[in-house]
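Here the structure is laid out as structure tokens; the discussion comes afterwards.
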Amino acid sequence: MNEPLITGVGISDFGRFPDLTEEALAQVAIIDALADAGIAVKDVQAFYCGNALGGHLPGQRALRDLGTGGEAVYNIDNACSSGATALNLALSALRAGQYETVLVFGMDHLSGLGGGALPMNQRDWNNRRGMIMPALYAMRATRYLHDFGVTREDLADVSVKNRRHGVLNPIATFCKEMTREEVLASRMVADPLTLLQCCPAVVDGAAAVVLTTRPSAGAARPVRVRASIVQSGVFEVNQTDMTEAEITRRAAHLAYEQAGVGPQDLSMIELHDAFTISELLYYEALGLCRRGEAASLLASGATTLGGRIPVNPSGGLLAKGHPPGATGVAQVVELCEQLQGRAGKRQIADPRLGLCQVTGGGIWGVDHAACSIHILEAA
Amino acid sequence: MRISKYGHSHMANDGQQTILCGALMSQGEIRFPPPEFLIGDETATPVPLSPIGQLYTYTTVHPGKAPAYSLAMVDFDHGLRIFGRLLLGEAPPALGSNVRVVPFTLSEGEIDFAFEPVEEDAA
């Protein structure tokens, strides 16, 4: 059996589209990905749909108008890791020989939810007492600033960098370049995180990739998945270090082991920068630097486009927004476009290996409920 | 199927002040919040915690139109870290400083708890 490869990618614009639906956005990405792969929808034997907030049967709703032949549709909700988890399951089915060609897509339409932080389960112990995701990360930031002497300006610089990347990305429709001062002067959401240090709350979008073990008919060079990891949070009620992203560190260890590479081998990273502090914590969890050194790594320029290891060349969640079902797949689309040399103005020179990381949170007692990491290289 | 309600509150009053109560599980682990249900042979008994904990971290949330509120993670005995509302005064508290447990009513009207900084000379 041939190795499964990504042979087509598609992505919608990410922005506020209150007059559109998640189904329409997904169709844009799916049609793009099929065309890029050089195949028809009837060539696809199974569909894997990541969606967190759209309700029942999101995959079937998105595919209904596209002329499928009634093939299997798998709907996967793993919060913000939904799309990446869908990719992990699709790879397993391809490697098991269950299918030869599948399509993975993810989407969410937050314009329909009325704004504010992502809705969370109100039966949850913490959520009933006022927890929201920005507050959780703000508390991590408070402790990180205390423990490592990092400043609010350091946090703001993550947003400045990713927005600078995002303005080069045509699908990040409302990203604007901002200065450190503008980031710090924006409305306080959860101290020390200001509005421009939180990914935009109301963004709609979709992304899709085609994977196949058949010969590629695609427009671009195929991309190989060197590692595909999904992990879940470990239940802890004791005094853990909240400045350490345990689930990401654990998933990264497994991903590096599966790929037979280390962080020094990576050309680029797309990571889950839902908040500025997240990016700093993940530098350390992914092994880009030692504990407490993330702000120095950022300040060195190493993680900026043109640096040694650009992080979030797409602009990340801070610049693009975060429709949770789409995010994991959108990260894969960005890595593929970079590896294929078609990332336009944000193209990284000669990238060989890219890593994407996405978490999924919102329940008490675990660092995060889910984390997924993929490592990709040009085939 | 063997499933039963835990049946004890996560709060109590020791005669002088509000305290939180963990649950000693049959495996020897002390948990807070206590389990909602006990499955199979699992047992759990209430364990009163110290009325004073140490502030691990906190934030103040500014929801826009609604009033701001503060949240905290507080370290207690038995190695527990407990999340709850933080009632702040004028001065920002130092991490590691003492906070006490006080009664607090959740938005649905349920009597619950919050944390309140302890004046150092009263601690």
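The values are calculated or read from the model by the stated rules, or taken from the named source; none is laboratory data. Not measured: the values here are computed from a predicted model. So basically every Cβ, Gly included, is an ideal-geometry build from the backbone, and we count neighbours across all protein chains shown. All accessible areas refer to the heavy atoms of the entire protein, side chains included, with ligands and DNA or RNA removed. Shrake-Rupley method; radii C 1.70, N 1.55, O 1.52, S 1.80 Å.
Data overview
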quantity: Dimensionless Rg/Rh of region B:3-48 - Kirkwood Rh, Rg from C-alpha atoms; calculated: 1.01
quantity: Enclosed volume per residue, in Å³, of the convex hull spanned by Cα atoms of region A:1-147; calculated: 163 Å³
quantity: Per-residue SASA entry for A:F148, accessible area with 1.4 Å probe, Å² rounded to 10; calculated: 70 Å²
quantity: Charged-residue dipole, Cβ positions (Lys, Arg, Asp, Glu), the protein assembly as shown about Cα centre, Debye nearest 20; calculated: 1000 debye
quantity: Cα-derived Rg over Rh, computed across chain B with Rh taken as Kirkwood radius; calculated: 1.02
quantity: Per-q log10 I(q)/I(0), region B:52-122, q = 0.13, 0.16, 0.27 Å⁻¹ (Debye; single scatterer per alpha-carbon; no solvent); calculated: -0.37, -0.55, -1.31
quantity: Lysine pairs in the protein assembly as shown with Cα atoms under 28 Å, if 8 or more residues apart or on separate chains; calculated: 8
quantity: Number of partner chain Cβ atoms within 10 Å, mean per residue of A:120-133; calculated: 3
quantity: With Cα atoms, 0 to 90° folded angle of helix A:22-37 axis to chain A main axis; calculated: 60 degrees
quantity: Computed over region B:52-122: relative contact order in percent, which uses C-alpha pairs under 8 Å that are six or more apart; calculated: 29 percent
quantity: Over the protein assembly as shown - Rg/Rh using Cα atoms and the Kirkwood inverse-distance radius; calculated: 0.99
